[in-house]
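A.B. asks: Quick one: the structure is below, and I'll ask about it shortly.
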Amino acid sequence: MSDENDNGFHRYCQAGMVYINPDDISDYSEEIKIIGNPITTILDGTFSRKQCKILSLAYNQIHSLQPRALQQMYSLVELHLDHNFLDELPDGIFEDINPGSPTLTHLYLQNNRLTTLNVGMFSRVTSLTYLDLQGNPLVAISEGMAAELKLIDTVLISLHQGKE
């Protein structure tokens, strides 16, 4: 199901999408929501140059993001990747969103399958003020990563407690 308001600034797709065709999404949509679909992979260039402020890919079946899936999203402020099946994030996934002038302030990664956070993962997203990592089976955060997280105003996180 798709719905676009009169001005073309909102795009909503729910249930049934298996693949995201970038040509089906206007470059000028301010908000893109693709929710509750059997989508498993977000390919390089899928959202390149889209000018949306809010991108929600929550409640899908996403297992992987290719490193350049979000490149050149110059206006992106809020990214929802929560409630998927991500077990890792590719190196550089956040580097190319808006190089030189980051705008991303809110990142929702809760309820995925992330077990580790790589040092430098969020270092280029200097505008990040809110990060939600709750509900992931995180087992460790490296010392360098802990220092990176301290620069973010609000970090919601829970470490996985394994059986002894």
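A.B. asks: Residue check: is S123 touching a Pro at 6+ places or on another chain (Cβ under 9 Å), among the small types (G, A, S) and farther than 24 Å from I25 by Cα? Talk me through it step by step, then tell me what you get.
C.D. replies: Working: touching a Pro at 6+ places or on another chain (Cβ under 9 Å): no; among the small types (G, A, S): yes; farther than 24 Å from I25 by Cα: yes.
For S123, the condition - touching a Pro at 6+ places or on another chain (Cβ under 9 Å), among the small types (G, A, S) and farther than 24 Å from I25 by Cα - is not met.
A.B. asks: Let me ask another. Among the residues of the stretch 104-132 satisfying the criterion of being out of contact with any helix residue (DSSP H, G or I) (no Cβ under 9 Å at 6 or more places or on another chain), more than 12 Å from L70 (Cβ to Cβ) and of a type in the set (V, I, T), which is surrounded by the most Cβ atoms within 10 Å (Cβ to Cβ)?
C.D. replies: T105
A.B. asks: Taking the stated definitions as given, is N84 more than 10 Å from the chain's Cα centre (by Cα), closer than 20 Å to V155 by Cα and not β-branched (V, I, T)?
C.D. replies: On the way: more than 10 Å from the chain's Cα centre (by Cα): yes; closer than 20 Å to V155 by Cα: yes; not β-branched (V, I, T): yes.
Spelling it out, N84 is indeed more than 10 Å from the chain's Cα centre (by Cα), closer than 20 Å to V155 by Cα and not β-branched (V, I, T).
A.B. asks: Within the stretch 81-102, is even one residue out of contact with any Gly (no Cβ under 9 Å at 6 or more places or on another chain), closer than 18 Å to I25 by Cβ and either in a strand (DSSP E or B) or at pLDDT 90 or above (or both)?
C.D. replies: The answer is yes; a qualifying residue exists.
The values are calculated or read from the model by the stated rules, or taken from the named source; none is laboratory data. Please read these numbers as outputs of a predicted model, since none were measured by experiment. Ideal geometry is used to build each Cβ from the backbone, glycine not excepted, and the neighbour counts take in all protein chains shown.
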